[in-house]
Amino acid sequence: MAPQRKRGTVSPTLLAFGRRLRRFRKAKGWTQENLACRAHNGMGVTPQYIGAVENGRARCTREFAASLDSELGANNELLDLYDDLVKDAAFPLWFDWYLVEPEADEIESYSLSVVDGLFQTPAYAAVLLRDEEAVEARMKRQEVFARKNPPKYSLLLDEGVLYRPAGNAEIMREQLKHLATIPLERASIQIVPASAEHDGNSGSFYIATMEDRTQVAYVESGARGLTMSEPEDLATLSRTMKDLRSLALPVSQSKDLILRTVKERWST
């Protein structure tokens, strides 16, 4: 039996491309063999190669992506996604998490210093990013909640975020009120009381569970973010998330605290 490929050696960006390719193929009712014989403008490839691309184990050329887009009637969606994997001016070259988010079935996140980007208002994001194009890209990421089956989202927010200034009081009031009005069916938001006695103080992180129940994580640092899928890393982050959830206030109490902070801290 051939040795199994370690999950951590598969790029999350290639997984995102491969999953989208698989969706288009299945929508056509085609097998990998059907697509393989049509690929490369009819020249064909092996079904194993199609499988490798779909599983994120092979990076195809842009020309090949264009031929697949045409055969599948993807209206340039596959080609646009391929270009995003190589370069997207609105994101740093190392940032690939925005390609994982649209493919996730569930997302858990813990934000230590600022509000999670998927829940930021434009004014709050502008203070943090100081770049109009980057703000627009961040707002576009929030369109993940507009899809037919959006991910089930759970946000844990460190209490200190409620008191940390970003811009002026008006911006903070708008941002916190926005958090308080997000419906539960979109996301559960819980506040983790400020404490130095848990592992969440090492930084913000995210765990995405995909449709096939595999997981990908994203960890922030001062220099850059890191997308990872090694089982050992995922196990550590899952334990930390579980511990943080045990400390977090219930959803209703978290909402009360957010609104109370608006009144007591940002309305005077």
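Where a number appears in this text, it was derived from the coordinates with a stated rule and is not lab data. Everything quoted here is computed from the prediction, not taken from an experiment. Quick reminder, even Gly has a Cβ in these numbers, built from the backbone with ideal geometry, and neighbours come from all protein chains shown.
Taking a Cβ cut-off of under 15 Å around LEU128, the surrounding Lys, Arg, Asp and Glu residues balance to a net charge of -3, with basic ones at +1 and acidic ones at -1.
Based on Cβ point charges of +1 for Lys and Arg and -1 for Asp and Glu, what charge dipole magnitude is obtained for the chain about its Cα centre, in debye rounded to the nearest 20?
500
Legend: P(r) of region 10-86 from all alpha carbon pair distances, 10 Å bins from 0, whole percents, reading 21, 63, 16. Both numbers refer to the Cα atoms of region 225-268; Rg and Dmax are 16.3, 48 Å. Taking Cβ atoms as reference points and 12 Å as the exclusive limit, the residues near ALA146 contribute a net charge of +4, counting Lys and Arg as +1 and Asp and Glu as -1.
For region 178-268, what is one quarter of the convex hull surface built on the Cα atoms, given in nm²?
Projected over every direction and averaged, the Cα hull of region 178-268 covers 7.8 nm².
Cβ-Cβ distance of LEU259 and THR214, R₀ of 35 Å, FRET efficiency by 1/(1 + (r/R0)^6): the value works out to about 0.40.
Here's how it looks for LYS152: its modeled amide H is under 5 Å from those of GLU106, ILE107, which are all 5 or more places away or on a different chain.
Its relative contact order, with pairs defined as Cα atoms under 8 Å and 6+ residues apart, puts region 10-86 at 35 percent. Taking every alpha-carbon pair under 8 Å whose residues sit at least 6 apart, the chain reaches a relative contact order of 19 percent. The coefficient of translational diffusion for the chain, derived via Stokes-Einstein from the alpha carbon Kirkwood radius under 4 °C and 1.567 mPa s, stands at 64 µm²/s.
For the chain, the residue among HIS178, PRO12, VAL127 whose Cα projects farthest onto the positive side of the dipole built from Cβ charges is PRO12. How much net charge surrounds PHE24 when only other residues with a Cβ under 14 Å from its Cβ are counted (Lys, Arg +1; Asp, Glu -1)? With Lys, Arg at +1 and Asp, Glu at -1, the net is +2. In region 189-266, what trypsin sites (Lys or Arg not before Pro) fall in a loop by DSSP, with at most 13 other Cβ atoms inside 10 Å? Loop-located and lightly packed - ARG213, ARG224.
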